[in-house]
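Structure, as C-alpha cells:
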Amino acid sequence: MKFHIQTWGCQMNDHDGEKLSGLLSTEGFEAVDSAEDAELVLLNTCSIREKAVHKVYSELGRLREEKQRRPLMVGVTGCLAQQEQAALFKRAPHIDFVLGTMALRQLPRLVAEAQAGKSQVMDTGEYLDNHLFPPSVTRRRDTAKALVTITEGCNHACTYCIVPTTRGSERHRPYEDVLAEVRGLVERGYREVELLGQNVNSYAGGCTFADLLERVSEVEGLEWIRFTTSHPMNFTKELARVLVSTPKVAPFLHLPLQSGSDRVLRRMLREYTVGEYLERLGYLGEGRAKLALSTDFIVGFPGETDEDFEATMKVLDEVAFDSSFSFIYSPRPGTASLRLKDDLPMDVKSERLKRLQQRQNELTRASNERFLGREIPVRVETHGPNEHGWWLARSGEWKTVHLAAGPGRELPFGELVQARVTLASPHFLGAELV
Ligand code: 5AD
Ligand code: SF4
C-alpha cells in the first residue's frame, strides 16, 4: 500500500509524522510524495488557530471527491484528531480512522481494522508511554537537522491554548534514551539536533534541562543543539548559563512573551509579568549579545485595549527581538478564554497585527544588517542550488542564508561551510562561500 502523510503545524507534529511514517514503512507500506499517488492519506493536523483547522477541513473536502473516483483510505491524526475525536466522523463521514496524538503506535492496528472493512475506527487513548517511541522505527525526512523528542505534553494552562487538551500533561523521556538516540543520529551523519517538547524547560527525565543540554553537548561529532519550545517561568539561571557558555548550543532562544501588558498576561494565565520576563532575559548577562532572540505574540486577546497593545509595542522595541511570530487571537473550543468578552472589531485587531509585524520587520532587518561583512559558519540545508542559483543554509542564530557557491561548485549537504554575508533583507541573509 502506498501512503502519503500531510503535516501541518509545529516541529512536534513534523516529528510525529516521521514516527508515523516509520510505523507504516515497518509494515511494508511505501511512502509517496503526493496524495494523488497514495492509497492511504494520513492528515497530521494542527488546531492551534482556526486557520489551521480550516486547512484540514478543506483538504478533507478535496479527499472526499477523490474518494468518489478511486479507492482511498483517509486517516486523521494530530491535534485536531485529539480535540474532535468521534465528532470528526460526523463532520466528515468519509474518514476511515482517527488516531490521537498519544496513540501513535496504534496506527498499524487502525489501518488493519479499516482495511478489514470496519468503519469509523478510532483510538484517541492517552497512552502514557507514547513519548517512549522506539527511535529505530522513526523514518526521518531528508533534513540537515534531526528532531528528537525529550518531553510531551504541557502542564501550564494558558487560557487561549488548546495544546494541554490535545497533547495531555507532561511526560519526560529518560535522559539516557535521549543521549542514545542523539549518539545514533551522529553515527548516521547528523551534525545538528533539535530537542523537542511543548515545554522543554520543565524537562525532568532524570536531570534538569540545563543538565540535559550539557550532556548532549558532550556527544562527539555533534555540532549544534537547538531546542523548542520554552516557557519563561521555567527558564532558569542555570539554563541561561548553559545556553550562553556551551559552544555547541546554537546561539538562539525562542521565548514566547505573548503580550507586553501585565493585565493581558494575567488574563492569559501566563504566570509572569513583563518585569519577570525581562528579568529572565537578564539571566543571559553579557552572553545575550551573541544570541538571536525570538518570541511569539498574540494580538487582540479578549479585552486588549489600545494601551495594552502600546505596551506590547514598547517591549518589542525595548528587547528588540531579532524575530517574532505574531497572530491574531483565535478562540479555541474548550479553552478558558472563551468566557472572556471579545468585542474588539476584527479590523482593529488586523491593524494592530500589521503595525507589530511592520515594526518587527524593521528590527529583523537591523538584526540582519549586523551580519553584513562578517564571516560565519552556516549549515547547508539543500542538495543543490535553487532556480536563482542559491543554496539554502542556516546560521547558528537560525537565520536563513541564501548562499552563492560559484558556478559548478557542489556544497556538502548537512555540513558547515564558511560564508561571508553580503546582503541583509528583513527575511534572509545573502552570502558568498568563503
Ligand atoms: N490564538 C492565537 N494564537 C495562539 N497561539 C496559541 N494559541 C493561540 C490562539 N488561540 C500562539 C502563541 C503560541 C504560538 C505557538 O501560537 O503565540 O506561542
Ligand atoms: Fe499545532 Fe500546537 Fe498541536 Fe503543534 S502542538 S500541532 S502547534 S496545536
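The values are calculated or read from the model by the stated rules, or taken from the named source; none is laboratory data. Note that the coordinates shown come from a computational prediction; the quantities given were computed from them, not determined experimentally. Because the Cβ atoms are built from the backbone with ideal geometry, glycine has one as well, and the counts that use them run over all protein chains shown.
Note on region 47-95: enclosed helices (runs of 4 or more DSSP H) holding 2 or more residues that are within 16 Å of ligand 1 (Cβ to nearest atom), within 20 Å of Tyr329 (Cα to Cα) and charged (D, E, K, R) are 50-69. In region 25-39 there is no residue matching the filter, namely being within 16 Å of ligand 2 (Cβ to nearest atom), outside any loop (DSSP other than H, G, I, E, B) and modelled with pLDDT of 95 or more.
Filtered by the rule that a residue be more than 7 Å from ligand 1 (Cβ to nearest atom) and under 23 Å from Thr159 (Cβ atoms), region 315-330 gives Val315, Leu316, Ser324, Ser326. Within region 230-257, the set of residues being out of contact with any Pro (no Cβ under 9 Å at 6 or more places or on another chain), without any contact (Cβ under 8 Å) to a residue 60 or more places away in the chain and outside any helix (DSSP H, G or I) comprises Phe235, Thr236, Thr246, Pro247, Lys248, Val249, Leu253, His254. The selection criterion, being among the hydroxyl-bearing types (Ser, Thr, Tyr), at pLDDT 95 or above and either over 28 Å from the mean Cα position of the chain (by Cα) or more than 26 Å from Pro331 (Cβ to Cβ) (or both), holds for Ser119.
Kindly provide the set of residues from region 379-425 that are of a type outside the set (Ser, Thr, Tyr) and within 21 Å of the chain's Cα centre (by Cα), ordered by number. Those that are of a type outside the set (Ser, Thr, Tyr) and within 21 Å of the chain's Cα centre (by Cα): Arg379, Val380, Glu381, Leu392, Ala393, Arg394, Gly396, Glu397, Trp398, Lys399, Val401, Gly414. Checked against the criterion of being part of a helix (DSSP H, G or I), touching a residue at least 12 places away in the same chain (Cβ under 8 Å) and closer than 19 Å to Arg167 by Cβ, region 1-11 has at least one qualifying residue. Taking each residue of region 37-50 that is more than 18 Å from Leu72 (Cβ to Cβ) and looking for partners that are within 12 Å of ligand 2 (Cβ to nearest atom) and assigned to a strand (DSSP E or B) with beta-carbon atoms closer than 9 Å, six or more apart or interchain, yields Cys46/Thr7; Cys46/Gly78; Ser47/Gly78; Ile48/Phe327; Arg49/Phe327. Just one of the listed residues (Arg173, Arg141) is at negative phi, touching a residue at least 12 places away in the same chain (Cβ under 8 Å) and under 18 Å from the mean Cα position of the chain (by Cα), namely Arg141.
When the residues of region 337-378 are filtered to those that are in a helix (DSSP H, G or I) and among the acidic types (Asp, Glu), which remaining residue is nearest to the chain's Cα centre (by Cα)? My answer is Glu362.
Go through region 263-280 and give me each residue that's surrounded by fewer than 19 Cβ atoms within 10 Å (Cβ to Cβ) and either β-branched (Val, Ile, Thr) or in contact (Cβ under 8 Å) with a residue 24 or more places away in the chain (or both). Within region 263-280, Arg263, Leu269, Glu271, Thr273, Glu276, Leu278 qualify.
Note on region 201-249: among residues that are touching a helix residue (DSSP H, G or I) at 6+ places or on another chain (Cβ under 7 Å) and of a type in the set (Phe, Trp, Tyr), the one that is surrounded by the fewest Cβ atoms within 10 Å (Cβ to Cβ) is Phe235. Whenever a residue of region 288-302 is free of Cβ contacts under 8 Å to residues at least 60 places away in the same chain, its partners that are part of a helix (DSSP H, G or I) and hydroxyl-bearing (Ser, Thr, Tyr), lying with C-beta atoms within less than 7 angstrom and at least six residues away or across chains, give the pairs Phe297/Thr312; Pro302/Ser337.
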